[in-house]
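Asks: Have a look at the structure that comes next, please.
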Amino acid sequence: MPIPLPTGTLTLQLIFDLTTTSWNAYGQYGRFLPDESTQPQALRSKVWIWTPNSGKTIITTDNPASPYTIAIGNNPPYADNMIVAPTFQIMITGILPTGYTWQGGGITAIFGRGPHHGVNQMKYASPYGLPAVTPPSPVCAVFHYAFTGAPVLYKITQPWYHSPAPATDIYGFNVGIEANITAPAGSTPSQGWYSFAHDPDLQVDM
């Protein structure tokens, strides 16, 4: 399967907030913050950030009713706005109250085929292989990255696998974080482990 060079980097950016107001609205439900389009890029959450090798960065709010679409193709040249085989990475950050500190945690992403039991003809369980391994490599549907201190970008890979053309594969996946946070004595929320999750959809066209 010819694999084109990535035309840029695609980042799924998620932010959780443990400060008092947002904790009452989102944190206690294990949810990341919604997108606020008026915020600077670094403070936007539940967004896809497409950074092409050349050209302008594009930020798209994740829409559960419309899967974010990328392409895997072997017939360049590509259209200027086509997102082809991007390097994919996940960025998760947290807004902590004064006095709280990161100890560490983990970022996990689990990919799966669309929920069509018994009739789904998608060939692969995930469009991704093992990180930093060029094809052929085993298909990888579960990614986990453990970190110490504050979380950093977790780079997965570019998509390699797709059902035979012409086809459209739609993957549901869950991405989440387990966050180990130290809090001052008597604080609310308290010291310990917290988890937050999001379930975007990703469409891969051939």
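The values are calculated or read from the model by the stated rules, or taken from the named source; none is laboratory data. It should be emphasised that the depicted structure is a prediction, and the values quoted were computed from it without experimental measurement. FYI the Cβ positions are ideal-geometry reconstructions off the backbone, even for glycines, and counts take in every protein chain you see. Keep in mind that these areas ignore ligands, DNA and RNA; they rest on the heavy atoms of the full protein, side chains included. Shrake-Rupley method; radii C 1.70, N 1.55, O 1.52, S 1.80 Å.
Asks: Among the residues of the stretch 162-186, what is the count of those that are assigned to a loop (DSSP other than H, G, I, E, B) and either closer than 23 Å to residue 66 by Cβ or open to solvent by less than 20 Å² (accessible area, probe 1.4 Å) (or both)? Explain how you work it out, then say what you get.
Replies: Step one: list which residues in the stretch 162-186 are assigned to a loop (DSSP other than H, G, I, E, B), which gives 162-167, 183-186.
Subset that is either closer than 23 Å to residue 66 by Cβ or open to solvent by less than 20 Å² (accessible area, probe 1.4 Å) (or both): 162-163, 165-167, 183.
The total comes to 6.
Asks: What's the number of the condition residue 189 fails, among (1) crowded, with 20+ Cβ neighbours inside 10 Å; (2) over 14 Å from the mean Cα position of the chain (by Cα)?
Replies: Status for residue 189: all satisfied but (1).
Asks: Okay, moving on. From the residues in the stretch 25-68 that are under 14 Å from the mean Cα position of the chain (by Cα) and surrounded by fewer than 16 Cβ atoms within 10 Å (Cβ to Cβ), which one is modelled with the lowest pLDDT?
Replies: Filtering first and then ranking leaves 64.
Asks: Further, regarding this structure: Quick one: residue 155 ticks every box in (1) more than 13 Å from the chain's Cα centre (by Cα); (2) at pLDDT 85 or above; (3) surrounded by 13 or more Cβ atoms within 10 Å (Cβ to Cβ) bar one, so which box is it?
Replies: Unmet for residue 155, out of (1) more than 13 Å from the chain's Cα centre (by Cα); (2) at pLDDT 85 or above; (3) surrounded by 13 or more Cβ atoms within 10 Å (Cβ to Cβ): (1).
Asks: Find all pairs meeting these conditions: Cβ atoms under 7 angstrom apart; at least six residues apart or on different chains; first residue within the stretch 155-178 and without any contact (Cβ under 8 Å) to a residue 12 or more places away in the chain and farther than 22 Å from residue 15 by Cα; second residue in a strand (DSSP E or B) and hydroxyl-bearing (Ser, Thr, Tyr).
Replies: Going by the 7 Å Cβ cut-off, there are no qualifying pairs.
Asks: Answer yes if at least one residue in the stretch 138-146 is within 22 Å of residue 30 (Cβ to Cβ) and either more than 15 Å from the chain's Cα centre (by Cα) or at pLDDT below 80 (or both), and no otherwise.
Replies: yes
Asks: Would you confirm whether or not the stretch 70-83 contains a residue that is of a type in the set (Phe, Trp, Tyr), modelled with pLDDT under 80 and open to solvent by 30 Å² or more (accessible area, probe 1.4 Å)? It would help to see each step written out before you state the result.
Replies: Initially, the stretch 70-83 is screened for residues of a type in the set (Phe, Trp, Tyr), giving 78.
Narrowing further to those that are modelled with pLDDT under 80: 78.
Checking the rest, the ones that are also open to solvent by 30 Å² or more (accessible area, probe 1.4 Å) come to 78.
Yes, the conditions are met somewhere in the stretch 70-83.
Asks: What's the total number of residues in the stretch 192-206 that are charged (D, E, K, R) and open to solvent by 70 Å² or more (accessible area, probe 1.4 Å)?
Replies: Of the residues in the stretch 192-206, the ones charged (D, E, K, R) are 199, 201, 205.
Right, trim to open to solvent by 70 Å² or more (accessible area, probe 1.4 Å) and you get 199.
The qualifying residues number 1.
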